[in-house]
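**Q** Here it is: the structure, laid out below.
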Amino acid sequence: MSGQFSGVIDLKKMDESRQGEALVKDAPDKANGKKFYMESYGCAMNFSDSEIVASVLLDNGFSTTNEFINADLILINTCSIRENAEQRVRARLQQFSATKKQRPGTIIGVLGCMAERLKKKLLDEEKLVDIVVGPDAYRTLPDLIQEAQGGQKAVNVLLSREETYADINPVRLGGNGITAFISIMRGCDNMCTFCVVPFTRGRERSRDARSIVEEARMLFEQGYREVTLLGQNVDSYKWVHEGTEETVTFAKLMEMVAQVNTDLRIRFSTSHPKDMTDEVLHTMAKYENICNYIHLPVQSGNSRILEMMNRGYTREWYMKRIDRIREIIPDCGISTDIITGFCSEAEEEHQETVDMMKYVQYDFAYMFKYSERPNTAAERKYEDDIPEEVKSRRLQEIVDLQREHGALQNQKDVGKTFKVLIEGVSKKSEDQLYGRNDQNKVIVFPKEKYNKGDYVQVKVESCTSGTLIGKAI
Ligand code: SAH
Ligand code: SF4
Ligand code: F3S
């Protein structure tokens, strides 16, 4: 997919629908005549970072193009989370390299998590790459580009304990003009044993709460009606106001953003089961404009595996968090991430994951086979000993079960009426609009007199396994 959004985009489905999306924007006033092309892979955080990178480049006189063959600068914002994420990027780099052979002056830059993980090694492995920039070094891009233009290879992969890009106003590119991301923190201190993120993104740090509220306010004034607060572990957001010594927790921050305007919807991702407080749940319940939807990755339903993963909670603890969500926010949508075939996972332990799914009945789940990542604790301490075919079979089992649950959950919504924020025209028909309800489910309905950005009450009349179909009332 390149250029602009052209359909139903689900934040947590970036893995499928937005991978490789290109960013385009009109030329600025102080143009330097150079065009850049940028593609993004990985999580919402990476897409949000691309908006910061675009801002830095536009401020330095670059303009954008949606054809990489026309670009003076080709950037690829990369992901390292699983091996196949990296393979995908390498394949794409091969295609870019062919262009470079035709147009020798073209500069190719690798940004993001793969840049950080591989550092200089990336230059040896991918000979045609000119620039390697880690997630905390985007301010230095203009200098690095200059170095590369001078014929040198340029690398900056320094991680920072402070950088939050709080003062950089992200350029919203390729979006629908209605929903936007706001990064509220960077990095991760959790050290789940399977995960590269603490290595690629560095230490956890929270952004100045005032700049977050300001960004939300500006977005609302520009016509945006939904913001998603982003962090690898939003529940550990913590910012201390230097003058007043007041501590802003995630619950408090959410409240501050919710108060920007009752017509601005708030979503957030990702919550961590070990850190999600009742205070957060009560704040969600208190504000109508904070969406009743929580993405709460479980990873495994078995306590021994959770311990090996260093997730910081047990099966029972997780189930209690789910009970608490249902108690405080009875209509809350819940989704999860699951890894199958983690080191030494026995068949009964996999069954406990299956049972967990039956217990929770997730609305959505993002499911992965364990992929061993270099230098993680799991790689050093445990053997990646579950055969590929067992991993695949276990994955298929949970994917099938989730499909059943998703369909069942959708069936339960037939006959109900939801408040929907309209995000655009349906991909399948010009006469249909689509939007999402509080629980993050996509609802399609006839256009009639309604427009993008409107809130409408939609009564669900039928459903497919992935979509609710209704009519505005
Ligand atoms: N910060 C978020 C997750 C970020 S990564 C959290 O803690 O939930 C998104 C998902 O990718 C993870 O939830 C996990 O399910 C999956 N993932 C991470 N590392 C992986 C690996 N090595 N192999 C397979 N899946 C992995
Ligand atoms: Fe990775 Fe765990 Fe941090 Fe999520 S919380 S980013 S899985 S280390
Ligand atoms: Fe990938 Fe980095 Fe996000 S590894 S999932 S892009 S934080």
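The values are calculated or read from the model by the stated rules, or taken from the named source; none is laboratory data. Keep in mind it's a predicted model, so treat the numbers as computed, not measured. For neighbour counting, all protein chains shown are included, and Cβ atoms are generated from backbone atoms with ideal geometry for every residue, glycine included. Areas reflect the complete protein model, heavy atoms only, side chains present, ligands, DNA and RNA absent. Shrake-Rupley method; radii C 1.70, N 1.55, O 1.52, S 1.80 Å.
**Q** Provide the per-residue ³J(HN,Hα) series for the range 248-265, in order, calculated from phi with Karplus coefficients 6.51, -1.76, 1.60 and θ = phi - 60°, each as a whole number of Hz, with x at glycine and proline positions.
**A** 9, 8, 5, 4, 5, 4, 4, 4, 4, 6, 4, 7, 4, 6, 5, 8, 9, 7
**Q** Distance check, please: which entries in 381/441; 358/391; 416/447; 412/449 exceed 30 angstrom between their Cα atoms?
**A** 381/441, as the Cα separations exceed 30 Å there.
**Q** 5 Å is the cut-off here: which amide hydrogens, built 1.01 Å from N in the peptide plane, fall below it relative to residue 108, excluding neighbours closer than 5 in sequence?
**A** Here the answer is 74, 130, 131, since their amide H atoms fall under 5 Å of that of residue 108.
**Q** At a 1.4 Å probe, what is the % contribution of carbon and sulfur to the accessible area of the range 332-421?
**A** Taking all protein chains in place, the range 332-421 shows 49 percent carbon and sulfur surface.
**Q** How big is the accessible area of residue 130 in square angstrom, nearest 10, if you roll a 1.4 angstrom probe over the protein chains?
**A** Around 20 Å² of this residue is reachable by solvent.
**Q** If you roll a 1.4 Å probe over the heavy atoms of the protein chains, what accessible area per residue do you get for the chain, in Å²? The partial results should precede the final answer.
**A** Values: 19410 Å² over 473 residues.
Result: 41 Å² per residue.
**Q** Using 0.36 nm per residue of separation minus the Cα-Cα distance, give me the extension gain between residue 160 and residue 473 in nm, one decimal.
**A** Values: separation 313, 0.36 × 313 = 112.68 nm, distance 5.10 nm.
Working it through step by step, the gained length comes to 107.6 nm.
**Q** May I pose another question? Can you work out the PRE-style zone for residue 399? Point 7 Å along Cα to Cβ, and I want the residues of the range 350-387 with backbone N under 19 Å.
**A** 350-351, 353-355, 357-358, 362-372, 386-387
**Q** Run the paramagnetic zone check for residue 127: 7 angstrom along Cα to Cβ, then residues of the range 73-114 with backbone nitrogen under 18 Å.
**A** 90-109
**Q** Under 5 Å between amide H atoms, partner at least 5 residues away or on a different chain: which partners does residue 420 have, H built in plane at 1.01 Å?
**A** Distant-sequence amide H within range of residue 420: 456, 457, 458.
**Q** Let me ask something else. Distance from the Cα centre of the range 195-218 to that of the range 350-366, in angstrom?
**A** The distance from the Cα centre of the range 195-218 to that of the range 350-366 comes to 30 Å.
**Q** Additional query: At 7 Å along Cα-to-Cβ for each site, give me the label-to-label distance between residue 331 and residue 388 in nm.
**A** 4.7
**Q** When the Karplus curve 6.51 cos²θ - 1.76 cosθ + 1.60 is applied with θ = phi - 60°, which whole-Hz ³J(HN,Hα) does each residue of the range 158-174 get, with x for Gly and Pro?
**A** For the range 158-174, the Karplus-derived couplings read 5, 9, 10, 8, 10, 4, 10, 6, 4, 8, 8, 8, x, 8, 7, 10, x Hz, x marking Gly and Pro.
**Q** Length gain on complete extension for the stretch residue 346 to residue 244, per 0.36 nm per residue less the alpha carbon to alpha carbon distance? Please list the in-between numbers first.
**A** Numbers: separation 102, 0.36 × 102 = 36.72 nm, distance 5.23 nm.
Length difference between fully extended and current span is 31.5 nm.
**Q** Return, in residue-number order, each cysteine of the chain whose C-beta is not under 4.7 Å from any other cysteine's C-beta.
**A** For the chain, the answer is 43, 79, 113, 188, 291, 332, 343, 463, because their Cβ atoms have no other cysteine Cβ under 4.7 Å.
**Q** Working out 0.36 nm times the residue gap between residue 288 and residue 210, then minus their Cα-Cα distance, what length gain in nm do you get to one decimal?
**A** Details: separation 78, 0.36 × 78 = 28.08 nm, distance 2.20 nm.
Difference between extended and current length: 25.9 nm.
**Q** What ³J(HN,Hα) values, in whole Hz, does the Karplus curve 6.51 cos²θ - 1.76 cosθ + 1.60 give for the range 198-213 when θ = phi - 60°, with x put for Gly and Pro?
**A** x, 7, 8, 10, x, 5, 6, 8, 9, 7, 3, 4, 5, 6, 5, 4
**Q** Positive end of the charge dipole of the range 5-156 (Lys, Arg +1 and Asp, Glu -1 on Cβ, about the Cα centre): tell me which of 45, 89, 33 has its Cα farthest that way.
**A** Of the options given, the answer is 89.
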